[in-house]
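The numbers here are math on the coordinates, done by the rules we state, and not lab data. As the structure is a prediction and not an experimental result, all values here were calculated from the model. Please note: Cβ atoms are built from the backbone with ideal geometry, for glycine as well, and neighbour counts cover all protein chains shown.
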Amino acid sequence: MPKIAFIGLGNMGRPMAANLMKAGHEVAGYDVIPEALAAHQEDGGHAADSARSAADGADVVISMLPAGLHVRGLYIGPDGLIPALQGAKPTPLLIDCSTIDFETAREVAAAAAAAGIEMLDAPVSGGTVGAAAGTLTFMVGGSAEGFTRGRPVLERMGRNTVHAGPAGAGQAAKMCNNLILGVSMMAVCEAFVLADRLGLDRQKLFEISATSSGQCWSLTTYCPVPGPVPASPANRDYAPGFTTALMLKDLQLSQQSAESNAAPTPLAAHATRLYKAMADAGLAANDFSVAFRWLSGVTRESLVPGGT
Ligand code: NAD
């Protein structure tokens with residue numbers, strides 16, 4: 001059974017590491033927050049005192065960190081894992097599951113390749129519920145050999161593991177998917193706000209659109225108004241779920257890449273501004289579908305310049 005090092009034991013990393021241990025893997029964990037390390041120990045893991053000591057003797061190193069700067073620091077910063085692991089025999093497979101910018105993912109993967117180390121970017125979809133249940137979807141960038149090597153480990157934590165293409169392709173897939181999600185959720189919320197103003201019953205709109213051309217995941221699985229989909233966050237006062245802060249982060253990553261690659265994404269650009277306004281209004285920690293409640297409470301003039 002491959003030995004795993006797991007770096008970043010937060011909301012996602014802790015349950016992912018726990019699922020690896022349930023499957024029989026030995027997991028040496030590391031997190032900069034002592035409470036996160038203690039929780040990993042409670043789950044049956046080994047608590048390492050640094051990322052390097054966690055990676056020592058590991059067959060696979062998995063990271064689940066907040067953002068690109070943390071990933072760059074872990075792998076290629078001073079004391080980074082890639083220079084430390086260069087020449088190890090055998091070298092471990094590196095898998096970064098964080099959601100980060102495309103450019104950093106490519107840069108770190110290139111440094112790994114130059115050091116003769118296989119690396120995958122493997123961001124996830126499915127949130128904390130999927131992490132706990134072991135039903136995540138992994139979107140994987142890297143070589144075919146790396147994918148074959150990493151797949152059995154990823155399958156202990158997820159239900160779907162898709163090889164999206166070469167290094168960075170996992171991050172590209174994640175940001176494109178979440179661009180669709182961020183825009184489609186906003187559209188569904190707008191439709192329900194308009195329906196309310198027109199006196200159209202929410203349940204009726206749901207029933208009609210769920211079987212019409214407006215059908216989409218944001219409507220039928222994650223409906224942003226209370227009632228039609230009992231399991232959606234709207235029924236628990238918009239407790240997350242997937243927070244506004246994370247949706248804003250993912251849309252901002254998409255806009256960074258759209259800008260550097262001259263991709264026209266005007267709807268996503270506007271959606272990014274709307275989620276930013278929601279976060280500024282104190283809704284960062286709510287589920288992102290709280291857009292419905294937020295839109296219901298703001299004026300048209302404040303969001304539609306010129307009122308057209
Ligand atoms: P989190 O903040 O709960 O966990 C991140 C952990 O990394 C923290 O415990 C932090 O202390 C630790 N950390 C930071 N720098 C470190 C370092 N240098 N060494 C070791 N540990 C370090 O975040 P999360 O919700 O677990 O999300 C992790 C990643 O997964 C993010 O990139 C996020 O965008 C992505 N993601 C999250 C969700 C979700 O629903 N939470 C869903 C999909 C993807």
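Work out, step by step, the length gained on full extension between Ile180 and Gln252: first 0.36 nm times the residue separation, then minus their alpha carbon distance; give nm to one decimal.
Computed gain between Ile180 and Gln252 is 24.6 nm.
Grab the Cα-Cα distance for Ala187 and Ala269, subtract it from 0.36 nm times how many residues apart they are, and report the gain in nm with one decimal.
On the way: separation 82, 0.36 × 82 = 29.52 nm, distance 1.39 nm.
Stretched out fully, the Ala187 to Ala269 stretch lengthens by 28.1 nm.
I want the local charge near Leu283. Using Cβ-Cβ distances under 13 Å, sum +1 for each Lys or Arg and -1 for each Asp or Glu among the other residues.
It works out to a net charge of -1.
Would you give the gap between the C-alpha center of the range 1-42 and the C-alpha center of the range 59-137, rounded to a whole Å?
15 Å
Quick one: among Thr128, Thr272, Thr220, which has the greatest mean-square fluctuation in a GNM of the chain with alpha-carbon springs under 10 angstrom?
Of Thr128, Thr272, Thr220, the most mobile in the Gaussian network model is Thr220.
So what's the projected area for the chain, the Cα convex hull averaged over all directions, in nm²?
Values: hull surface 68.1 nm².
Mean projected area for the chain: 17.0 nm², to one decimal.
Give the shape of the range 88-179 as rounded, prolate or oblate, defined through the alpha-carbon gyration tensor: a ≥ b ≥ c are the square roots of its eigenvalues, a/c under 1.5 means rounded, and otherwise the shape is prolate if a/b is larger than b/c and oblate if not.
Numbers: a/c = 2.09, a/b = 1.33, b/c = 1.57.
Oblate shape, in that a/c is at least 1.5 and b/c is the bigger or equal ratio.
Rounded, prolate or oblate: which fits the range 185-232, taking a ≥ b ≥ c as square roots of the Cα gyration tensor eigenvalues, rounded meaning a/c under 1.5, else prolate when a/b beats b/c?
Details: a/c = 1.38, a/b = 1.27, b/c = 1.09.
Here the range 185-232 falls in the rounded category.
Nearest 0.05, what FRET efficiency do Lys276 and Lys89 give at R0 = 41 Å with Cβ-Cβ as r? Present the calculation step by step, with values, prior to reporting the outcome.
Values: r = 48 Å, r/R0 = 1.17.
It comes out at approximately 0.30.
Mind running the shape call on the range 210-270? Use the C-alpha gyration tensor, a ≥ b ≥ c as the square roots of the eigenvalues: rounded below 1.5 for a/c, prolate if a/b tops b/c, oblate otherwise. Show your work: numbers first, answer last.
Numbers: a/c = 4.12, a/b = 1.73, b/c = 2.38.
Oblate.
May I ask you to list the trypsin sites (Lys or Arg not before Pro) in the range 187-291 that are in a DSSP loop and have at most 16 other Cβ atoms within 10 Å of their Cβ? Display every interim value, and only then the final one.
Numbers: sites: Arg197, Arg202, Lys204, Arg236, Lys249, Arg273, Lys276; in loops: none.
For trypsin sites (Lys or Arg not before Pro) across the range 187-291 that sit outside H, G, I, E and B with at most 16 neighbouring Cβ atoms in 10 Å, the list is empty.
Sequence neighbours fewer than 8 away in the same chain don't count; with that in mind, list the lysines whose C-alpha is under 21 Å from Lys276.
Lys174, Lys249
Once every DSSP H run of n ≥ 4 in the chain is given -39500 (n - 2.57) and the sum is divided by its residues, what mean residue ellipticity at 222 nm do you get, rounded to the nearest 500 deg cm²/dmol? Working shown, then result.
Working: 15 runs with 153 residues, N = 308.
Per the formula, -14500 deg cm²/dmol.
How large is ³J(HN,Hα) for each residue in the range 198-207, as worked out from phi by the Karplus curve 6.51 cos²θ - 1.76 cosθ + 1.60 (θ = phi - 60°), to whole Hz, x for Gly and Pro?
3J(HN,Hα) across the range 198-207, in whole Hz: 8, x, 7, 4, 4, 5, 5, 4, 4, 4.
Which residue fluctuates most in the GNM of the chain (Cα springs below 10 Å): Ala88, Ala234, Ala110?
Comparing Ala88, Ala234, Ala110 in a Gaussian network model of the chain, the most mobile one is Ala88.
Just going by the charge dipole of the chain, with Lys and Arg at +1 and Asp and Glu at -1 on Cβ, which of Leu253, Phe6, Ser63 is farthest out on the positive end?
Leu253
Most fluctuating residue of Val229, Val108, Val140 in a GNM of the chain with Cα springs under 10 Å: which is it?
Val229
Using +1 on the beta carbon of Lys and Arg, -1 on that of Asp and Glu, and nothing else charged, what's the dipole of the chain about the Cα centre, debye to 20?
Working: 21 positive and 27 negative charges, 106 e Å.
Here the size comes out at about 500 debye.
Can you tell me the orientation of helix 13-22 relative to the chain, as the angle in degrees between its alpha-carbon axis and the longest Cα principal axis, to the nearest 10?
Roughly 60 degrees, rounded to the nearest 10.
Determine ³J(HN,Hα), in whole Hz, for all residues of the range 235-248 in sequence, where each value follows from phi through the Karplus function 6.51 cos²θ - 1.76 cosθ + 1.60 and θ = phi - 60°; x replaces Gly and Pro.
Along the range 235-248, the couplings run 7, 10, 6, 6, 5, x, x, 10, 6, 4, 4, 6, 5, 4 Hz.
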